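The values are calculated or read from the model by the stated rules, or taken from the named source; none is laboratory data. Fair warning: this is a prediction, and the values are worked out from it, not measured in the lab. FYI the Cβ positions are ideal-geometry reconstructions off the backbone, even for glycines, and counts take in every protein chain you see. Ligands, DNA and RNA are excluded from the accessible area calculation, which covers all protein heavy atoms including side chains. Shrake-Rupley method; radii C 1.70, N 1.55, O 1.52, S 1.80 Å.
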Amino acid sequence: MQIDILTLFPQMFQGPFSTGIFKRAIDRRLIQVNIHNIRDYTHDKSHTVDDYAYGGGAGMVLKPEPIFEAVESIKSDICLKEGGSELPIILLTPQGRLFCQQIAQELSRYSHLILICGRYEGVDERVREHLVTDEISIGDYVLGGGELAAMVVVDAVVRLLPGVLGSEASPLDDSYTTGLLEYPQYTRPDVYRGWAVPEVLLSGNHAQIAKWRHEQAILRTLKRRPELLDKANLGLEERQLIERLRKDS
Ligand code: ADE
């Protein structure tokens, strides 16, 4: 997957993309990440990227021209390489659709993504109307800009790509992929400060362990995020278990 990120602060991406799974994925050529400075697509002496809002008001608005030019330049490179495959152009903004695991899965199916990090008070509306194909928010709060949001989106998407994580199966067990929160995990020592690991996990009985984990995932979801259970893909037995747990609590 090729990921192009447009930002006014390219240096913000240096740390995250030079460590951990990103670095491994880049080194193994599973992903290619290109960071573009929006300022490089300006033509005036002072490299102006923002201006006052028409109609007045505090705060500056990102100008359309450098953003259009940056995206068009990236798009023409991609088209030269591969023809006209579908290319999401995503603006990170608190006004976008709320990011979730399902959107991460959706994005992981594309061969390219272009992410535009907004800044200041906003982005000229013509970018929204005539350039981007999608707008994403990572939560109902306002960040200083879209950079951290872009990193969150890229992290969630990249770990779903085949070969990025050690084991192919691991993203399938994630919270939200199953529709449930993840069950409790333990490692050695089996007793720490008097707190013992649940006996079933030491039993070697894989069927019992799977059953315990599934029940724990249901229990945890019921306690912390009960609204997720309505959407989870559960059978009759599981629904009956939830009813019993609800009555007991
Ligand atoms: N830019 C500022 N706040 C944001 C948010 N919550 N999500 C995405 N981009 C943003």
- Percent of C-alpha pairs per 5 Å bin, the chain, short to long: 1, 5, 11, 13, 14, 13, 11, 9, 7, 6, 4, 3, 1, 0, 0
- Query: Along each of its three principal axes, how wide is the spread of alpha-carbon positions in the stretch 1-81, in whole angstrom units, largest first?
  - Reply: 49, 30, 23
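Quick one: pull the percent of accessible area on the chain belonging to carbon and sulfur, 1.4 Å probe, ligands and nucleic acids left out.
51
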- Message: For Lys247, give me every one of the aspartates and glutamates with a C-alpha distance below 20 angstrom, ignoring sequence neighbours fewer than eight places off in its own chain.
- Response: Glu215, Glu227, Asp230, Glu237, Glu238
- Work out the length of the dipole vector of the stretch 175-248 about its Cα centre, built from +1 on the beta-carbon of each Lys and Arg and -1 on the beta-carbon of each Asp and Glu, and round it to the nearest 20 debye. 200
- Query: If the cut-off is a Cα-Cα distance under 16 Å, which lysines reach Lys45, setting aside same-chain residues fewer than 8 apart in sequence?
  - Reply: Lys63
- Message: Report the Cα centroid-to-centroid distance between the stretch 40-112 and the stretch 128-200 in angstrom, as an integer.
- Response: 25
- At a 1.4 Å probe radius, which order do Ser111, Ser175, Ser249 fall into by accessible area, largest first? Ser249, Ser111, Ser175
- Query: For the peptides 115-127, 24-36, what is the packing order when you average, over each peptide's residues, the other Cβ atoms within 10 Å and list the highest mean first?
  - Reply: 115-127, 24-36
- Mind checking which of Leu143, Leu131, Val158 is farthest towards the positive end of the chain's charge dipole, using Cβ charges of +1 (Lys, Arg) and -1 (Asp, Glu) about the Cα centre? Val158
- Item | Cα-based reach from Lys81 at 18 Å (exclusive), listing aspartates and glutamates while leaving out same-chain residues under 8 positions away | Asp4, Glu72
- Hey, can you rank 210-218, 224-232 by average C-beta count inside 10 Å, highest first? 210-218, 224-232
- Mean projected area, convex hull of alpha-carbon positions in the stretch 104-154, reported to one decimal in nm², is 4.0
- Put +1 on the Cβ of each Lys and Arg and -1 on the Cβ of each Asp and Glu in the stretch 120-249; which of Ala196, Gln185, Ala217 then has its Cα farthest toward the positive end of the dipole? Ala196
